[in-house]
Amino acid sequence: MSRNQCPNILFVFSDQQRYSALGANGNDIIQTPVLDAMAREGMVCDNMFSNHPLCSPYRGMLLTGRYGWQNLVIDNEYRPRKDIPTLPATLRQHGYGTAHVGTFHLGKGPYPEEDRYGLDYLAALRSGGSYFNQSYYQNENGPTLFDGWAPKVETDLAIQFMERHMDARPDDPFALFVSWRPPHWPYEQYPDEHSIYDLADIDVPGNVPKQMEAFARQEISDYYGCCTGLDAQMARLLEALERLGAKNNTIVCYTSDHGDHLSSHGYGKPFDNWMPESMRASKATPYEESVHVPFIVRWPNVIEAGTRSDAFFGAIDIMPTLIGACGIPLPEGLQGRDISGVWRGEGIPRDTELTPGGSDSVYLQNMAHGWPNRHGWVGRWRGIRTERWTYARWYANECGPWLFDRLEDPLEMVNLANASEARPMLEEMEERLHRWMEGTHDPFEYGQRGPRGFLQLGQEFANPDLYKGWSVA
C-alpha cells in the first residue's frame, strides 16, 4: 500500500463512558445522534472490553499493544517503557504524521521528543479537576491556559492539527488520537445547553442499592449531559474531515478507556471517605459497568454500513488492529491481535497463541490500587469475560472468587462461586483463566512483589518528585 493510499486514522475516546451510554447500543434516553449516525455508516463492535479498566493502564495498552507487566504501566502514575515499539512511532516510521490531543496520563509535562513516544504533536491536558478553562502542554511548551469547555478546546486543537497536516503534507496520511476527559466525574461540568435530561426519565439499574437511587439518578442525568456534549464535538471532527476532503480515506473510531459504575453494586468514588475503601471505585472491577465500553468504527468503502460484530476484543488489540488496517507490518512482541479482518467482513481470527483462553473471551485485570497511595481499593485481580460468564479472582482472596451467569443474571447480582451446581463452570473458567495467565506470561501468581504488594517489574513513576522515598512496588 503506497503512502498516499494508506488510510488516515482518527481515534477518539472519552474517559469513563460505559457501553450502555450510547443510543446506538440500545439506550433510548441518552441523545447521541452523531455517534448513532456514525454507527449506521460503519460498524458497532458489541464485545469490546477494557482489559485493565483504569486510565493509565488502558492508555499504556493503546500505546504499546502489551499488557502492564510488559509495558510497565501497572497503575496510574507510572510511565511506559521507552525501549519497545509504540503505535504512533510505528505509524510515523511509515510516513504518518502523528498527534495526541487531550488527556495523556502517561507522563509529566512539558514533553520533549523523547517523552512523546513517537508523537509529532502532543497537546496534553495538565490536570483533570475541572473541565473549564484548562491548561495544556504542547510538546515542550506550556502550560498554556485555554478558555472554555475542555472537550471543545481539544476539538479545536485537533482540527487545527488536521488542517496543518493537510496543508504541509498533503500526500502523507495522519494518525490523530483525541482523548476527552468527560464523562469522568465531576459529572456536572458541561455546557448548560446539554442539560436536557428530565430526572423522571432516567432509568436507574436494578443493581443500584435503593438508598442510592436518587443520588444515582442525578449523577446519571449529568453523565448523559456530558456524553451529549461530546457527541456535539464529534460532529465538529467529522465535519472537519469532510471539509478537508479526508472523509473517504479515514478510519474513524470512537470508544472509551473504561466504564463507570454510577452507584451500581453500591460503589462510590475514591473521595467518598465515609465509605469502606474497597467500595470507593467507579471502575477497575470486573463488573459490566466497569469493563464494557462502546466501540464504533467507520471506514468508507471498506466496512459495510450498518453492521455489528460480536467478536471479542480488548484494548490490547487496538494497536495491532490499527497498524494491520493500514497495511503496515506488525512490530515484534505485541500481545494483542489484528482484528481488522472483522472490519473488512472476513470473520473472526482464531489465533490461539494470542488468545490462549479462547477467542470468545477477553482477559481482564487490575494490577494495583488505582493510585500508589491507595491501600484498600478494589485489589489485585485477574478475570475472564465471555458472552455468558464473568469470572474473577483476587491475589490475596480479599474478595473471594466471582462467577456471574450473565444470561440468567445480566445485572451480575448473584455470585455463583460457592454454588455446588456451578462448580463445573467455576472449574472451567478457572482453567481458561490459567491459560490466559500462562499464554501471556503474566507473573500474577509467582512474580516478586514489593512492600505495597505490587509486582516488581522495573516500573518507574511518571512524576518521581511526587513520590520521593516511595517504593514503586
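FYI, it's all coordinate maths here, none of it is from the lab. It should be emphasised that the depicted structure is a prediction, and the values quoted were computed from it without experimental measurement. Using ideal geometry, Cβ is built from the backbone for each residue, glycine included, and neighbour counts are taken over all protein chains shown.
Among the residues of the stretch 225-239, is there at least one that is in contact with a Pro (Cβ under 9 Å, 6 or more places away or on another chain), assigned to a loop (DSSP other than H, G, I, E, B) and either charged (D, E, K, R) or surrounded by 19 or more Cβ atoms within 10 Å (Cβ to Cβ) (or both)? Among the residues of the stretch 225-239, not one is in contact with a Pro (Cβ under 9 Å, 6 or more places away or on another chain), assigned to a loop (DSSP other than H, G, I, E, B) and either charged (D, E, K, R) or surrounded by 19 or more Cβ atoms within 10 Å (Cβ to Cβ) (or both), which makes the answer no. The set of residues in the stretch 12-40 being surrounded by fewer than 22 Cβ atoms within 10 Å (Cβ to Cβ) and small (Gly, Ala, Ser) consists of 20, 23, 24, 26, 37. Run residue 52 past the list (1) buried (at least 24 other Cβ atoms within 10 Å of the Cβ); (2) in a helix (DSSP H, G or I) and report the number of the one that doesn't hold. Tallying (1) buried (at least 24 other Cβ atoms within 10 Å of the Cβ); (2) in a helix (DSSP H, G or I), residue 52 fails exactly one: (2). Evaluating residue 303 against the criteria (1) β-branched (Val, Ile, Thr); (2) surrounded by fewer than 23 Cβ atoms within 10 Å (Cβ to Cβ); (3) without any contact (Cβ under 8 Å) to a residue 40 or more places away in the chain leaves one unmet condition, (3).
Scanning the stretch 383-399 for residues being farther than 13 Å from residue 292 by Cα and either part of a loop (DSSP other than H, G, I, E, B) or free of Cβ contacts under 8 Å to residues at least 24 places away in the same chain (or both) gives a total of 7.
Output the residue which, of all residues in the stretch 132-156 that are of a type in the set (S, T, N, Q) and free of Cβ contacts under 8 Å to residues at least 60 places away in the same chain, is surrounded by the most Cβ atoms within 10 Å (Cβ to Cβ). Spell out the reasoning first.
The initial filter retains those residues of the stretch 132-156 that are of a type in the set (S, T, N, Q), namely 133-135, 138-139, 141, 144, 155.
Subsequent filtering for residues that are free of Cβ contacts under 8 Å to residues at least 60 places away in the same chain retains 133-135, 138-139, 141, 144.
Values: 133: 12, 134: 22, 135: 14, 138: 17, 139: 18, 141: 12, 144: 12.
Top of the filtered list is 134.
The set of residues from the stretch 161-216 being among the aromatic types (Phe, Trp, Tyr), in a loop (DSSP other than H, G, I, E, B) and in contact with a strand residue (DSSP E or B) (Cβ under 8 Å, 6 or more places away or on another chain) comprises just one member, 190.
Hey, among 423, 344, 350, 380, which residue is free of Cβ contacts under 8 Å to residues at least 12 places away in the same chain and either under 22 Å from the mean Cα position of the chain (by Cα) or within 30 Å of residue 44 (Cα to Cα) (or both)? Criteria check complete, one pass: 350.
Only one residue in 39, 99, 124 is touching a strand residue (DSSP E or B) at 6+ places or on another chain (Cβ under 8 Å) and within 19 Å of residue 183 (Cβ to Cβ). Which one? Break it down stepwise before answering.
Numbers: 99 fails: within 19 Å of residue 183 (Cβ to Cβ); 124 fails: within 19 Å of residue 183 (Cβ to Cβ).
Step by step, each of 39, 99, 124 is checked, and only 39 is touching a strand residue (DSSP E or B) at 6+ places or on another chain (Cβ under 8 Å) and within 19 Å of residue 183 (Cβ to Cβ).
Looking across the stretch 170-185, the residues that are touching a residue at least 40 places away in the same chain (Cβ under 8 Å) and either among the hydroxyl-bearing types (Ser, Thr, Tyr) or surrounded by fewer than 15 Cβ atoms within 10 Å (Cβ to Cβ) (or both) come down to 171, 179.
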